[in-house]
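The values are calculated or read from the model by the stated rules, or taken from the named source; none is laboratory data. All values derive from a computational prediction rather than experimental measurement. Counting neighbours? That spans all protein chains shown, and the Cβs are built from the backbone with ideal geometry, glycine included.
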Amino acid sequence: MSTFIHGGSGLTLDVGAKAHAAVSRGDCLEINPLVASGDEAYETRSLTSANTRAKQVSIVGIVLGSNGKSTFATGEDILLRVVGICDAALSGTATISPTQVLIANYAGPANNLIPTAEGGYATGAANSRVMGVVHEARTGAGLAKVFINGLSSW
């Protein structure tokens, strides 16, 4: 077993944050790297254009929740899964399979990840940050089990 135990296990990292808007379980958000120093510095924001230098240091995570609590109001404390397995909101209506990788959806709908075929990747490609891997087959948009790595870069 690993000695890296942040978040409770060897392959899990959860970060506390404050919701910048009303959000739901499975939403993909980032910790806002541009928050003023007088703020708590853990406010979230929706995914925005990846083509900025500040985006290269932003941490991205999936909003965790439970069957009893799956929506959160503006300013409410939330927990983001930054590394590990979780249920994430996926875009798309095609068949989604465990052989696909996930890229951040900077073009909308907001707060979703886009499953795409594994393949070649261009380093530094704007708006194509790889975030994780699909772990279950499903059809259409909605929540699916994924491995997220919100510390990745592009």
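Filtering Gly10, Gly16 for residues that are in contact with a Phe, Trp or Tyr (Cβ under 6 Å, 6 or more places away or on another chain), surrounded by fewer than 15 Cβ atoms within 10 Å (Cβ to Cβ) and either modelled with pLDDT of 85 or more or not acidic (Asp, Glu) (or both) leaves a single hit, Gly10. Of all residues in the stretch 83-132, those that are at pLDDT 85 or above, surrounded by fewer than 21 Cβ atoms within 10 Å (Cβ to Cβ) and under 19 Å from Val57 (Cα atoms) total 0. In the stretch 62-73 there is no residue matching the filter, namely being under 22 Å from Ile114 (Cβ atoms), buried (at least 21 other Cβ atoms within 10 Å of the Cβ) and modelled with pLDDT under 85.
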